[in-house]
Amino acid sequence: MLGKLNNHMDDRRTMARRPLTECEIETAQRLKSIFVAKKKQLGITQQTAAERLGWSAASVVNQYLSGAIALNLEAGLKFARLLDVAPSEISPAWAEYDSLHDSGEARSVTPEPDRHDDYVHIPVYDELLAAGSGFAPNGDSVKEYISLPSMFFTRSNLNPAGLVVAHASGDSMSPKIEDGDALIIDTHQQKPVDNQVFAFADEGDLRVKRFAKQIGGTWAIRSDNLDPIYRDEIISPLDVGRIKIIGRVVKVIGSV
């Protein structure tokens, strides 16, 4: 059973609730400021907001506004639609979703919270299991689901089937991948490709690194962080076979 990813996959099973990062605190503060500024204009309270967003109680809204829990991407897009703002006004990291607001899609909050036709739900794993040449998810380790607009997959040319999400910890892949970033991994791409980033299992260690093909067919497993403590690992063509590639990291969403 594999847990951490080095730039590690976050294993939060033992944590009741992790402290918010500085970025997440700032996101909560921006959300609260927007909510307070617009609630009278929109005629909403925390209770009516919860009802429109499909949540069971006003306390959920309050926890996001107060920063008691981190605002994930799905909840952030819901708030953006409710408050009629671009997602980047809540979190600059979500600027790529501003087109949904610009096109008008973000202006309507669906009254049926169970509607799924505009979104695709991708599982977020606490851990992944190596299985033969590929990987098998442990159903018990699904932490939650991230819901992304269908348009996201069309524009990114991604097939949702086979995609999983896991969080990174550590700084070995900085600046491309920062601590806490959510990584979308395509489990259909399990053959190393030059200069691409892969999640893989290596002798019981679950990791994310860049693969760089070298002269003579060897591979360098490389960190993006230029700190000299992170050195290339040179793998022979034969040894590549012992590495069980989970999939290619196709998108870094940021902390969600």
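The values are calculated or read from the model by the stated rules, or taken from the named source; none is laboratory data. These figures come from a predicted structure and were not determined experimentally. Every residue, glycine as well, gets a Cβ built from its backbone with ideal geometry; the counts of neighbours run over all protein chains shown.
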Taking only region 29-54 into account, find how many residues are on the phi > 0 side of the Ramachandran plot and surrounded by fewer than 15 Cβ atoms within 10 Å (Cβ to Cβ).
1
Tell me, please, whether a residue that is of a type in the set (S, T, N, Q), more than 21 Å from the chain's Cα centre (by Cα) and at pLDDT below 90 can be found in region 27-36.
no
Where a residue in region 198-224 is within 14 Å of residue 176 (Cβ to Cβ) and its partner, wherever it lies, is part of a loop (DSSP other than H, G, I, E, B) and modelled with pLDDT under 85, with Cβ under 7 Å and at least six apart
208/7
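Just to confirm my filter: which strands (runs of 3 or more DSSP E) fall fully inside region 134-227 and include at least 3 residues that are touching a Leu at 6+ places or on another chain (Cβ under 9 Å) and either modelled with pLDDT under 80 or at positive phi (or both)?
Values: elements: 134-137, 142-149, 163-167, 181-186, 196-202, 205-213, 219-222.
Result: 134-137, 142-149.
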When residues of region 191-209 are limited to those that are surrounded by 19 or more Cβ atoms within 10 Å (Cβ to Cβ) and not β-branched (Val, Ile, Thr), the one farthest from residue 99 (Cα to Cα)
202
Just one of (1) closer than 29 Å to residue 19 by Cβ; (2) within 16 Å of the chain's Cα centre (by Cα); (3) surrounded by fewer than 15 Cβ atoms within 10 Å (Cβ to Cβ) trips up residue 229, so point out which.
(2)
Please count how many residues of region 55-69 are within 21 Å of residue 119 (Cα to Cα) and in contact (Cβ under 8 Å) with a residue 40 or more places away in the chain.
1
